[in-house]
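Each remark here refers to the structure printed beneath this line.
The values are calculated or read from the model by the stated rules, or taken from the named source; none is laboratory data. Just so it is clear, the model here is predicted, and its values are computed rather than measured. Here Cβ is always computed from backbone atoms with ideal geometry, including for glycine, and neighbour counts include all displayed protein chains. Surface areas here come from the heavy atoms of the whole protein model, side chains and all, with no ligands, DNA or RNA. Shrake-Rupley method; radii C 1.70, N 1.55, O 1.52, S 1.80 Å.
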Amino acid sequence: MTPARRARLAWMHRWAGLVTGWFAFAIFFTGTLALFDTELTRWMQPETAIVPYNSQLTTQALERAQQLLYEADKAGSSPSFLLLPEPRDPTLRILHYDGHKFVGPILDPSTGKSIMARNTEGGSFFFNFHYTLRIPSPWGERVVAGIAFTFAAIMLSGILLHLKRLMPDYFTLRLQASLPRCLLDLHVITGSAMLPFHIMIVWTGLLLTAENALPIIQSSATVPAAQTTATTAPVHWSPHASLALMIQKAQTYLGGPPSYVLFDDEKTTISAIRHNSLNANDSTVVFNSLTGQFLSKTAPASDLEDIYYVMSGLHISRSMGFLLRWIWFVGGTVSTIMIASGLVYYTAKQKKHTQPTFCLVQRLNIAVMGGLVCSSLSLLASNRLLPAHWQVRSSAEIWVFFSVWASCLLLCLIAPTQKSRQIITWAIGLAGFSLPAIDFIAVPLAQWESTLHLTIDGFCALASLIAMGYMYSLPTSKHHD
């Protein structure tokens, strides 16, 4: 590669990474947390801890769920669906989409009794933020798709720039060097050490966002459906045949316990997730909702379809086992560190400049990255501090999240850079260290599960330790190359 071509490639990598880096950090950070969205939801609803993990789904509970479905249908509610008990969440949930999230009653799978769990966004907030940035649909999905395409180009340029030193970069991290050099080493080693993961997660993300990136495909596909809906009279969606009997038959057809049940157009669709698998293709059987008669079963996928489902499963990780999920969590954390170190490296390298652009970038780095971590911890803390049975507490949690983030941005714009960094770091430390204590006081020990509370509280405290360590390590890195 000629020096001129290398310089142009470095310019593109630097500026494209700077423009999209803040969005990419938020996407990777929330996507990493979304790997455990079900566990976060269960932590944010401690009342569900009364249901043990080995609970069995009974006919009594299904009859109660069917009654609630019929009442919702009679009241004119939008179609609901059932989330059946699974190892990650042993409760029976009746959910419908309210335009922004899935909400609905929670039942004990053994008795069918309603569980008065607190209203919360749960872990689905991070999942939704990951692919929409909380921008109204469909623009949020399209923005994320555009960032995914740009990030793929940034990753390719980074590989080309460091191709000759790819292997040495695995073992180069000069912690005692100047701050810019240390940050560059951290950026390169996190990029090269997890390079296969970065490539996999970016390109599978591109596959999932391609339709949103090309809205002409999406709009042409949805026009006939919209026309059909406009000319079709509404029908009742709740099942009239025995739901328990249909699920029992479905278990025979599926060869295992089903995972969720959908209701639409007088059909009941029962599906099973392939647990401990990378294939996101769910096995499905369809019954007539009125008679309970078996109608069809999904045909085996073709080789090309299986490739698509495996790539989807690699990114969504919905059906992964416990070990793979933690490996993906480590990979997402490393990707987030790679982006953060690249953004901070840019400002550290330009620290001698006094142009307003560099000062603004430095302030935005603190506001976006530090503010997002602080607001995420605040969201978890608000789940414990707000009244448990407050009807609007879910919206209040989101209000707390964005208010804290906006406050961090305002602080960074009006206060000196070093001062705003210290305040936000101390806020992260205070929120992270206080959350285990708040959890211990607010949630009775009888509702603590085996490891869930300890794990999440422990990670919050770890985030505080890392933030405080980062702040105290900065003064030792004042020397330059």
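For the reader, a short list of remarks on this structure follows.
- Residues satisfying the stated conditions in the stretch 257-278, i.e. open to solvent by 20 Å² or more (accessible area, probe 1.4 Å) and either in contact (Cβ under 8 Å) with a residue 60 or more places away in the chain or of a type outside the set (Lys, Arg) (or both): PRO257, TYR260, LEU262, ASP264, ASP265, GLU266, THR269, ILE273, HIS275, ASN276, SER277, LEU278
- Number of the condition not met by SER77 [criteria: (1) of a type outside the set (Phe, Trp, Tyr); (2) buried (at least 20 other Cβ atoms within 10 Å of the Cβ); (3) in a loop (DSSP other than H, G, I, E, B)]: (2)
- Flag for ALA177 being modelled with pLDDT under 80 and in a loop (DSSP other than H, G, I, E, B): yes
- Candidates ARG64, ARG93 - the one that is touching a strand residue (DSSP E or B) at 6+ places or on another chain (Cβ under 7 Å), among the basic types (Lys, Arg) and not in a strand (DSSP E or B): ARG64
- Boolean, TYR308 is in contact with a Leu (Cβ under 8 Å, 6 or more places away or on another chain), surrounded by 14 or more Cβ atoms within 10 Å (Cβ to Cβ), within 20 Å of ALA467 (Cα to Cα) and of a type outside the set (Gly, Ala, Ser): no
- Checked across the stretch 359-372, the condition of being surrounded by fewer than 21 Cβ atoms within 10 Å (Cβ to Cβ), without any contact (Cβ under 8 Å) to a residue 24 or more places away in the chain and out of contact with any Gly (no Cβ under 8 Å at 6 or more places or on another chain) holds for at least one residue.
- Members of the stretch 45-74 that are open to solvent by 20 Å² or more (accessible area, probe 1.4 Å), closer than 15 Å to VAL261 by Cα and under 29 Å from the mean Cα position of the chain (by Cα): LEU57
- All conditions in (1) modelled with pLDDT under 90; (2) open to solvent by 70 Å² or more (accessible area, probe 1.4 Å) hold for TRP426, with the sole exception of (1).
- Filter result for ILE441 (open to solvent by 40 Å² or more (accessible area, probe 1.4 Å) and either of a type in the set (S, T, N, Q) or modelled with pLDDT of 90 or more (or both)): no
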